[in-house]
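Report on the following structure.
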Amino acid sequence: MKATLIDGKKVSQEIREELKPRVQNLIQQDLKPGLAVILVGDDPASQVYVRNKEKACEKLGVYSLKHQLPSTTSQNDLLHLIDELNNNPAIHGILVQLPLPKHLDEKKILYHINPLKDVDGFHPYNLGRLMIGDPIFLPCTPWGVQELLSRYQIDISRKHVVIVGRSNIVGKPLSMMLVQKAKAANATITICHTGTENLAQHTQMADILIAAAGSPKMITGELIREGVVVIDVGINKVEDKLVGDVDFDSVVDKASFITPVPGGVGPMTIAMLMANTVKSAERTLHG
Ligand SMILES: Nc1nc2c(c(=O)[nH]1)N[C@@H](CN(C=O)c1ccc(C(=O)N[C@@H](CCC(=O)O)C(=O)O)cc1)CN2
């Protein structure tokens, strides 16, 4: 079996097209959605991702405000900037590009963002709302994964979903989102990580395997069973090449569906960020 490629680039473009009339409707009501992106330091990958976000805003008609700060920026200065953006009526979404330089307290910084402008969905208030099944902003990458499954009619009903990875920005929120659906869908959700003993015993049970461990090519053909759906969330730079957490070549002939890297989940993160920003602007109009 040769896996069907899940085209994240195509789906992300479809989603951004679907957002256009919503943005036009807001602009006609004199409300242009605004996204502020704070980039601290000069991490090359982060610069690419921030540029992708700016380009997405430009194409969609969203006002984009970028603050590029030196890696030596103090915590207080960063908190003051967030205060300004929290109080800026032209800004409906605020994100701080991760990772931050080590001297900055990531939690303190992220928790300082007004939850109602937290379009990354990382604030405890929003994660709490997600946990109780009443979300405002879903974290962009997990939401993008869910959208890919949905738009390719990959149903989790009565399926075993195995997530490899437990980060705060993907693994944990994604497991919460799928558990919410699993109740009604009679699905089973398993979370593994790079420290899981006998990892193969878990991954080989998966009908749907989501690799989000941040470990290049970790998931090989021996770790999966025939016909599994493979979603690769990994974004690893290896010898200047972007590779996922899945060893694509050893998996593609066993899987039924697979997301490529690049061109899979990555572009979905951007599209869902745009969706959260538009939603935030709409909420200021309609509550
Ligand atoms: N504040 C945040 N920081 C980070 C997040 C996040 O959601 N919020 N996620 C990742 C990085 N990320 C978004 O910021 C991100 C990663 C990858 C892509 C993407 O489009 N990847 C492309 C290839 C891009 C390239 O040319 O290298 C692909 O996979 O096709 C977008 C966003 C960590 N930080």
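The values are calculated or read from the model by the stated rules, or taken from the named source; none is laboratory data. None of the values given here were measured: they were computed from a predicted structure. Positions of Cβ are backbone-derived with ideal geometry, glycine not excepted, and every protein chain shown enters the neighbour counts. When the accessible area is computed, the model is the full protein with side chains, heavy atoms only, and any ligands, DNA or RNA have been set aside. Shrake-Rupley method; radii C 1.70, N 1.55, O 1.52, S 1.80 Å.
For segment 16-50, residues that are out of contact with any strand residue (DSSP E or B) (no Cβ under 8 Å at 6 or more places or on another chain) and closer than 18 Å to N88 by Cα total 4.
Looking for something in a loop (DSSP other than H, G, I, E, B), touching a Phe, Trp or Tyr at 6+ places or on another chain (Cβ under 7 Å) and more than 21 Å from A275 (Cα to Cα) - is there at least one such residue anywhere in segment 144-154? Within segment 144-154 (the criterion being in a loop (DSSP other than H, G, I, E, B), touching a Phe, Trp or Tyr at 6+ places or on another chain (Cβ under 7 Å) and more than 21 Å from A275 (Cα to Cα)), the answer is yes, since at least one residue qualifies.
Quickly run through segment 257-274 and pick out the residues that are open to solvent by less than 10 Å² (accessible area, probe 1.4 Å), small (G, A, S) and either near the ligand (Cβ under 8 Å from one of its atoms) or in the same structural domain as G144 (by TED's automatic domain parsing) (or both).
G264
Counting only helices (runs of 4 or more DSSP H) that fall entirely inside segment 1-94 and contain at least 2 residues that are within 11 Å of the ligand (Cβ to nearest atom), open to solvent by 10 Å² or more (accessible area, probe 1.4 Å) and not polar (S, T, N, Q), the qualifying elements are 44-60. Among the residues of segment 141-173, those identified as without any contact (Cβ under 8 Å) to a residue 40 or more places away in the chain, open to solvent by less than 60 Å² (accessible area, probe 1.4 Å) and closer than 30 Å to K107 by Cα are P142, Q146.
Filter segment 121-153 down to residues that are of a type in the set (G, A, S) and closer than 17 Å to T269 by Cα and give me whichever is farthest from the ligand (Cβ to nearest atom). In this case the residue turns out to be S150. Quick one: would you say L116 is within 23 Å of I6 (Cβ to Cβ) and modelled with pLDDT of 95 or more? For L116, the condition - within 23 Å of I6 (Cβ to Cβ) and modelled with pLDDT of 95 or more - is not met.
Does segment 198-218 contain any residue that is surrounded by fewer than 18 Cβ atoms within 10 Å (Cβ to Cβ) and basic (K, R)? No, every residue in segment 198-218 fails to be surrounded by fewer than 18 Cβ atoms within 10 Å (Cβ to Cβ) and basic (K, R). No other residue among V251, V278, V246 is over 22 Å from the mean Cα position of the chain (by Cα), open to solvent by less than 10 Å² (accessible area, probe 1.4 Å) and closer than 24 Å to V11 by Cα apart from V251. Residues in segment 207-256 that are away from the ligand (no atom under 16 Å from the Cβ) and closer than 22 Å to M176 by Cα: D207, I208, L209, V228, V229.
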